[in-house]
1. By the scheme Lys and Arg +1, Asp and Glu -1, what is the net charge of all other residues having a beta-carbon under 9 Å from that of residue 190?
2. Which percent of the Cα-Cα distances in the range 478-554 go past 19 Å?
3. Could you rank the peptides 276-286, 423-433 by their average count of other C-beta atoms within 10 Å per residue, with the highest value first?
4. Rank these for me by crowding, 96, 154, going from fewest to most other beta carbons within 10 Å.
5. Spelling out what I want: for every residue of the range 525-539, take phi, set θ = phi - 60°, compute 6.51 cos²θ - 1.76 cosθ + 1.60 (Karplus), and round to whole Hz; glycine and proline get x.
6. Given 10 °C and 1.306 mPa s, how large is the Stokes-Einstein diffusion coefficient of the chain in µm²/s, with Rh as the Kirkwood radius over Cα pairs?
7. I'd like the distance separating the alpha-carbon centroids of the range 303-381 and the range 206-240, in whole Å.
8. Nearest 5 is fine: what % of DSSP beta bridges in the chain come out antiparallel, could you say?
Amino acid sequence: MRRQTGYFITFILFLLFMFVLYQVHSELKSSRSFNTVLDEEIPIGDVVLPQTSYIKDSTGKVISEIRQGQNRTILPAEEIPQIVKDLFITIEDQHYYEHIGFDITGIGRAALINLENDSIDQGGSTITQQLARNLYLTNEKTYNRKLSELLYSYQLERTLTKEEILTLYINAIYFQNGAYGIETAAKLYFNQSIKDATLAKIAFLSAIPNNPSLYNPITNFSNTKKRQERILQRLVEAGKITTEEYEKAVQEPIELKMSNRIDQYPDYSTYIYHELEELIAEKEGFNENLHSATDNEKKELQKGLDQKVNEVLESGIMIETALNPSIQKEAVQALERHLPYANVQGAAAVIDHTTNRIVAIAGGKNYQKFTFHRAFQAFRQPGSVIKPLLVYAPYFDQTGASISQTINANNYCKSGYCPRNYGGGQYGNVTLRTAFKYSYNTPAVRLFERIGIEHAFSYLDKLHFSNVVKEDHSLPAAIGGFTYGMSPLEMTNAFATFANNGQFIKAHGITRVTDFQGNILYEWDEKPEVVWSESANQKVRILLEDVVKSGTGKEAYFSTSYIGGKTGTTNDVKDLWFIGLTNQYTAGVWVGNDQNKSIYYMESRKPQMYIWKDMMKASHK
C-alpha cells in the first residue's frame, strides 16, 4: 500500500510539473533567464553522430570499414525517402509537428498505465524524447531520468528544427546487430541503400527499433514480420499508403541478404591506420610541439593526438590510398610460398616511384590486423644493402670517380676493427664495379673512410631513417653495423631515391582524406630533397643493374627495361635482404627471425630474392 501511495504522489507531482511547463511554454520562449539557465545546464551545441569511415584502394573500391564504436552511415534529410519519415511519425509520434518536445496526453496516458501496473514500463516518448535519450541519457526506467529527458527534449526543440530532429532520429536509432541508422540497416540486412528498398522492406526495417532484441530479424524473423504488417496497417489508417500498396507490401516475400563487414588486406589497412595518425599529427601541429616537449608533455600530446584521430574517424571519412590489390596479394602469397619454416618471418614493401606511393606492404606471414607489422615496425641490421646509400652514392657524389676506378679488396684492420669479405676472400685491387657486384666488405669500409664518417652520414640523414643514432657514426656502419637498424619500408623508400635522379621523396600510402561530400580534409605535401647528384645516381644504377644481371642478386632477375638491386646478409645470417627497382617500382624484402636468431639454413634458398621477383613480376603484368 505504501509503495502504491508513493507512486501516486510521484505521479501527481509529475503531472503537475508537466502542466506547469506546458502552460508557461509561451512565456519560456521569451523568458531570457529560464532559457539561459537551460542553455548553461543542458547545452545542446552541434549534434554529431559517430559514423563509419572507409579505406579505399587505388581504384576507389572500399577495402576496409572503420567503426569507432557504432556502425553508422548518416543520410542527409534530402536523401531519406519521405515514406521513411511518414512511417516513423505514424508509428512513434503522430503529434510530432504539434508538440514542444513532449506530448502531455501521451505522457499522462503512459503514467496512468504505469500506476495501474505498479511499474514504469510505459514511456509515452515522442521522437524528440527518444532522440534525447539516444544522445544524452540512458535507458534507465526512473522518473528522474524521465524528467531529464523532458528537459533535453525541450532544449532540442528550441535549438533544432523539426526536420533536423527527425533526420537525427532516423540516423541515430539502433537496428540490432551493430547497425545504427536506417541506411546502415538497409545495407546490413538487404545489402542495398534505403533509397532502393521497397515499401515492404522499409516497413520491415522500421519494425526493429521498437525493441531490437524482440524484433531481431536474424533470430526473431516472424516477430519482425508480424510487426511489419501492423505498421503497414497503421500507414493505411493514417492515409499514407493505399490499400493496394498495403496488400502488395504484405505479400512481398522478405528475404535477408546479409552483407559482411568489409575488411580486406589487413597488412595494408593496418599500415594506413598508422599513416593516418602521422598525417593528422603533421597537419594539426602535433609534430611541431613534440620536438621540444618533455616526457610528460609528450604523453599529453599523444593523448590529444589519439583523441583527434578518433574524432576524425568518427566524423565519417574516406581514406583514399594507392593500394594495388594484385601486387598486395602477390606480396602476401610470396611470403607464404617462400618461407616454409614456422620460425622464419618476412616483410615486404612496394613503392610506385613514379607517384611516390606505397602500393603494397606485407607485415609478415599469416599477418593478423593490428599485430606487430614487420614492414614498418621491425628495425633490423641492414647488412650490405646500406652500401649504395651510405658509401657508394656519397663517394661518387663527393669525388666524381668512375665506376672503373680501382680499390683494394684485401683484408682491412684499423684500431681493432678488422672486417672481412664474405668467406674470408682477398681479391687485390678491383674496380668499384666489381667490388659492388660481389658485395665485398673491405672496399666499402675503405671508401667510407675516404669520404669521412660524418660527411657520409650527412647523406644518410636526408633519407629520413628514424632510428639512426650518434653511436652509429663509426666504421662498421659501412657494412650494416647499426645500433637499432632500419625498417623494410624505410630501406625501400631510401632506394627509391635511385629511381628519382638522386632526390628523396617520402612515400605514402594515403593519397588524400576526404569527407563524404568529397571535400579534402588532409593530404600529404611532397617535398623532394636532393641527396646526391644525378651523375652519382646514374653510376649507382649501373652498379645495381650489374648485381641482378651477373652478381649476388642473379636469382632476382627477370626481363624488363631496367632492373637493379642489392643483396644484404648480416652476421650469423640473422637477416636476409634484397632491395631493388625497375622503371616503375621499388621493392624491398626482409627475411629473418623475430627473436633475432640465425636462419643460416635459409641462406642457400635465397628466399628474399624469389619473393622480390614474384612481387615485381606481378607488378609488371
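Since every read-out is calculated from the coordinates, none of them should be taken as a lab result. For clarity, every value in this text was computed on a predicted model and none was experimentally measured. Backbone-built Cβ (ideal geometry, glycine too); neighbour counts: all protein chains shown.
1. Local net charge: +1.
2. The answer is 57 percent, as a whole percent.
3. By packing density, highest mean first, the sequence is 276-286, 423-433.
4. 96, 154
5. 9, 7, 10, x, 10, 5, 9, 8, 6, 5, 5, 4, 4, 5, 5
6. Approximately 55 µm²/s, per Stokes-Einstein.
7. Taking the Cα centre of the range 206-240 as reference, the centre of the range 303-381 is 44 Å away.
8. About 90 percent, rounded to the nearest 5.
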